[in-house]
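In what follows, a single structure is set out as structure tokens and then discussed.
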Amino acid sequence: VASFFFIGLMSMMIPLCHVFGALIAVCLFMGLFDGCFICIMAPIAFELVGAQDVSQAIGFLLGLMSIPMTVGPPIAGLLHDRLGTYDVAFYLAGVPPIIGGAVLCFIPWVHERQKLKERAKS
């Protein structure tokens, strides 16, 4: 959750980098957190859906991730054409990971509620 949140935060910090060294630092941290997120994606999918459906869950996640990666650059180009700057595109690119990180914070709570319901039934 923290890595996903920081990916969004680092995306939003790119327009604030006015020195090349700062851009390198932001990209370094963004790459580190992105690597952490990709590495932990399979165990999270395994925990959420179980061993039998984990391959389908990972495929679904990668399929969903491909949509913004395909549509995002043309939208960023349109924003640049309209506004004359890429800053808004970077700020908007940081919002979904931050929201996703916030939503992921609720997964343990939902998982615990499901366990309590299963215990109540038995």
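The values are calculated or read from the model by the stated rules, or taken from the named source; none is laboratory data. Being a predicted model, the structure only gives us computed values, none of them experimental. No Cβ is skipped: glycine too gets one built from the backbone with ideal geometry, and neighbour counts run over all protein chains shown. The accessibility values were calculated without ligands, DNA or RNA, using every heavy atom of the protein model including side chains. Shrake-Rupley method; radii C 1.70, N 1.55, O 1.52, S 1.80 Å.
Here the chain exposes an accessible surface that is 74 percent carbon and sulfur, computed with a 1.4 Å probe and the other protein chains kept in place. Structure remark: mean-square fluctuation, Gaussian network model of the chain, C-alpha springs under 10 Å; the largest value among F20, F90, F29 belongs to F20.
Working with all protein chains in place, sort H18, H80 by solvent-accessible area computed with a 1.4 Å probe, largest first. Don't jump to the answer; show the numbers that get you there.
Details: H18 160, H80 60 Å².
I get H18, H80, largest accessible area first.
Rounded to the nearest 500, the 222 nm mean residue ellipticity of the chain from helices alone is -30000 deg cm²/dmol, with -39,500 (n - 2.57) taken per DSSP H run of at least 4 residues. May I ask you to list the residues of segment 74-108 whose amide nitrogen lies under 20 Å from a point 7 Å from Cα along the Cα→beta-carbon direction of L16? Answer for this model: 85-102. Remark: segment 2-18, residue by residue, has Karplus-estimated 3J(HN,Hα) of 5, 5, 5, 4, 6, 4, x, 5, 5, 4, 6, 8, 4, x, 7, 7, 9 Hz, where x stands for each Gly or Pro and the curve is 6.51 cos²θ - 1.76 cosθ + 1.60 at θ = phi - 60°.
Rg ratio for the chain: its Cα radius of gyration over 2.2 N^0.38 Å, N being its residue count, equals 1.31.
Per residue, how many Å² of accessible area does segment 1-120 show with a 1.4 Å probe?
Working: 8410 Å² over 120 residues.
With all protein chains present, segment 1-120 gives 70 Å² per residue.
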